[in-house]
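First the structure, in the form of structure tokens, and then the observations on it.
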Amino acid sequence: MKKLVTLILMLCLLLPVLGLAEAATEQQPTPAVHRQDYDHSAVDTSDPYTVLMYLVGDRNQDMDIVLAEINKILQAEYNTTLDIQFLSWSDYQTLYPLILAGGEKVDLIYTASWCYLFSEAAKGSFYPMDMDFIQKNMPMTYANQVPESWGTVTIGDGIQGVPCNMMVAQYKFPGIRWDLAKKHGITEVPDSWEDWMNYALTIAEKETPESGIYALSAAADNIEVWRTYYEQFNAMPIYNDDFIVAYPEDGVLPEAEEIKYAMTTEWFRDFAHDMKKLADAGAWSRSALTNTILNYQAFGNGTGASTFWNGTIFSYMRQVEKTAEGIECVPCDLSPNALVFCEEYNNSVMAIAANSENPERAALVMDLIGYDYELNTLGLMGVEGTHWTEAEGGRFYSADDASNGYQDNANAMGWWMKKDYKLGTVNDMQQEAYNVNLRSRMTSNPCVTFVFDETPVKPYLAAVNNIRTEYFGVLTLGLVDDVDATLAEMNEKLEASGLQKVYDEFYKQYNEWKATR
């Protein structure tokens, strides 16, 4: 039985959007795509071959069980085996470039606008494709991929990978310990940045000295908190998180000069001041910069009082609720009147590695697991009857809280969500209500197909990125003596490194792209 607060929150979330919710939920599932209806004979499968795929994040607990089921089909019908390896969140930033540069066997690798897509494409790390290659080796992808999605992964000489095929909400928000909030006199769920700041300061003052639970068990930086912060301004990222601009209005593209390097904006200055206020109050450890326990992990094990991310936080809310009687968690929308932007198609991409020994076979596997209903369902949901069951027109995780050995994970498998088959729905009224609300406010980022070619300013951009690395963590964790002095120092270094040259090239390419819209 859901706790009363869950039902109240569900109603509160639904009431503002009842008129829109019906339209948002009436969308019919996309017709299923079946491998038997497509001809894959152009790919030579006469010799056995193992396709090695790398994904980013934590390995699913029952991945071996699911992979065995996938391989029963691949081996029997295509003389092919799939092996999936994971690069954990704690070390993927170190290992990812090494795997592509080290000459190791790798056929398929996850990439994204936030995960080395542009930098590795510039190095030639991915196998560039064209439509002839895709039509021949990936007939299901060729027939079903959203046409405009290809522009988001066309970099340099070719198509660098197959992007996600769905419009999904790109929105970050915190989950908090509602039991701790009530314990210390907070009676309303935070629904603004100021409310969450009050919650965090309250936990730091009244709870942390007693239990050791931090308001936010931060690690390395607070990038997800920063992303949540700028949502209140209807700010949208242009080319990763590096460049940012306020959404102008429907159907209008921003002027080039309005797009700014994110860390030089007043938004970031104000955010950095808030982070120092929290750090000085003890909202997280002073050793957060080198902490290897990520905030969602700490939240899930009960040592953090809030976590920031996307819908994945619901899994960790359920996880911590199971650790002790009386623990309650709630999601918080800190910008309830803001737009919710669609994720760019290149927010989740599968690429063929340039050093793949058999790019055609890699393409075949990518086609099958991306679009074949049976194989795609296995990858997304796990084994029917073990990890999910069908009920009431949807497919639901077998366990009440989705902690059943497959879905209870945090990894970059978003690319597998290629079609709206009504898959992956968690039987959780609280999460469903939240998703309805987000869908009702969703709009497209008008700059979704703009891709910046780094090549002309690659040395300058590399220098700018080094300075970002030097300052982003300490500023977003508030671990500086003087925020304004630190920002001034950073801005001087950015100017000396050639940020203006990056701006000039960025604006030139953006204006050329804008002229074609």
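The values are calculated or read from the model by the stated rules, or taken from the named source; none is laboratory data. Since we're looking at a predicted model, the values are computed, not measured. Positions of Cβ are backbone-derived with ideal geometry, glycine not excepted, and every protein chain shown enters the neighbour counts.
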Q: Determine whether segment 334-341 contains at least one residue that is within 21 Å of Met417 (Cα to Cα) and in contact with a strand residue (DSSP E or B) (Cβ under 7 Å, 6 or more places away or on another chain).
A: yes
Q: List every residue pair whose Cβ atoms lie under 7 Å apart, where the two residues are 6 or more positions apart in sequence or sit on different chains, the first residue falls within segment 141-163 and is more than 10 Å from Pro128 (Cβ to Cβ), and the second residue, located anywhere, is modelled with pLDDT of 95 or more and exposed (fewer than 15 other Cβ atoms within 10 Å of the Cβ).
A: Tyr142/Gln135
Q: Can you run down the residue pairs with Cβ atoms below 8 Å, 6 or more apart or on separate chains, where the first is in segment 97-126 and without any contact (Cβ under 8 Å) to a residue 40 or more places away in the chain and the partner is of a type in the set (D, E, K, R)?
A: Pro97/Glu120; Ala101/Lys123
Q) Do we have Ile327 as out of contact with any helix residue (DSSP H, G or I) (no Cβ under 6 Å at 6 or more places or on another chain), in contact (Cβ under 8 Å) with a residue 24 or more places away in the chain and hydrophobic (A, V, I, L, M, F, W, C) here? A) no
Q | Residues (among the charged types (D, E, K, R), more than 16 Å from Thr228 (Cβ to Cβ) and surrounded by 14 or more Cβ atoms within 10 Å (Cβ to Cβ)) located in segment 246-303 | A | Lys260, Arg269, Lys276, Lys277
Q) For segment 168-183, what are the residues that are closer than 14 Å to Ile223 by Cα, more than 11 Å from the chain's Cα centre (by Cα) and not hydrophobic (A, V, I, L, M, F, W, C)? A) Pro174
Q | Residues being within 29 Å of the chain's Cα centre (by Cα) and either outside the structural domain of Asn411 (by TED's automatic domain parsing) or more than 18 Å from Asn137 (Cα to Cα) (or both) - total across segment 69-86 | A | 7
Q) Of the residues Tyr503, Tyr471, which is surrounded by 17 or more Cβ atoms within 10 Å (Cβ to Cβ) and either farther than 26 Å from Leu253 by Cα or touching a helix residue (DSSP H, G or I) at 6+ places or on another chain (Cβ under 6 Å) (or both)? A) Tyr471
